[in-house]
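Beneath this line is the structure, given in structure tokens, with notes to follow.
Each reported figure results from applying straightforward, stated rules to the coordinates on display, with no laboratory input. What you see is a predicted model, and the numbers here were worked out from it, not measured in a lab. Methodologically, a virtual Cβ is constructed for each residue, glycine included, from the backbone with ideal geometry; neighbour enumeration extends over all protein chains shown.
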Amino acid sequence: MLIGYARVSTDECTLDVQVWHLHDAGCEAVYEDSLLEDEKKRPALRRLLQDVTKGDIVIVYRLDRLARSTQHLLEIAESLRRRNVGLRSICEPWMDTTSPEGRIVMTVFAGIADFERALIRERTAMGRLNARQRGIHMGRPAKVDPAESAAIYRMVTHDGLPVAEVADRFNVHKATIYRVISKYRSRES
């Protein structure tokens, strides 16, 4: 069975063109997601992925109607492949996972997506490293400022106040007090 999927995006007002092309391609059923529905949930796509069975072929007008990214496309295509369901695109005729050529294209896409993920990880790591070298604090803001940290350290180590009492005074958790003390002790050694 040929099953179509259409999704309207912000630059389009209607599903009419996609639906017409899908019916023209022989689709017996067309699942439609519109702007009115939650973009991330896409209930029609979820229903389509649940309803397809072995031997069906999912047809889309363009691949960007089906997936938000290359990775998302690969996840959907793999899910369909595991269930022996094909995937075709009207505007991208090279995308037909029912043919050997289409399967090769998906393999190349998978390699490109993996390469893209590796580049993103590398760039993110370099960005963090550069930020740390410039003295930019990563993560959540500190609960106490440097002056308060000095006072906390003095109260616990010199004045002998209990950690719980100091934590109450500064309205922080005891773990914050222990981190401050640990940081000061590591500086001393």
- Computed over the chain, the relative contact order (Cα-Cα under 8 Å, seq sep at least six) in percent reads 14
- For the chain, the dipole about the Cα centre with charges only on Cβ (Lys and Arg +1, Asp and Glu -1), to the nearest 20 debye, works out at 1280
- Item | Of the chymotrypsin sites (Phe, Trp or Tyr not before Pro) in the stretch 82-136, those whose Cβ has at most 15 other Cβ within 10 Å and which sit in DSSP loop | TRP94
- Message: Below 8 Å between Cα atoms, with a sequence gap of 6+, how large is the relative contact order for the stretch 1-94 in percent?
- Response: 32
- What ranking, highest mean first, results for peptides 60-70, 97-107 when packing means the other Cβ atoms within 10 Å averaged over each residue? 60-70, 97-107
- Using +1 at the Cβ of each Lys and Arg and -1 at the Cβ of each Asp and Glu in the stretch 38-149, identify which of LEU63, PHE115, LEU129 lies farthest towards the dipole's positive end. LEU129
- Rounded to the nearest 20 debye, dipole of the stretch 2-113 from Cβ charges on Lys, Arg, Asp, Glu: 520
- Query: Going from the alpha-carbon gyration tensor of the chain, what semi-axes, largest first and in whole Å, does one get by taking the root of 5 times each eigenvalue?
  - Reply: 57, 20, 15
- Item | Distant-in-sequence amide H partners of LEU87 (H built 1.01 Å from N, under 5 Å) | VAL58, THR97, THR98
- Query: Where Lys and Arg each count +1 and Asp and Glu each count -1, what net charge lies around TYR153 among other residues with Cβ under 9 Å from its Cβ?
  - Reply: +3
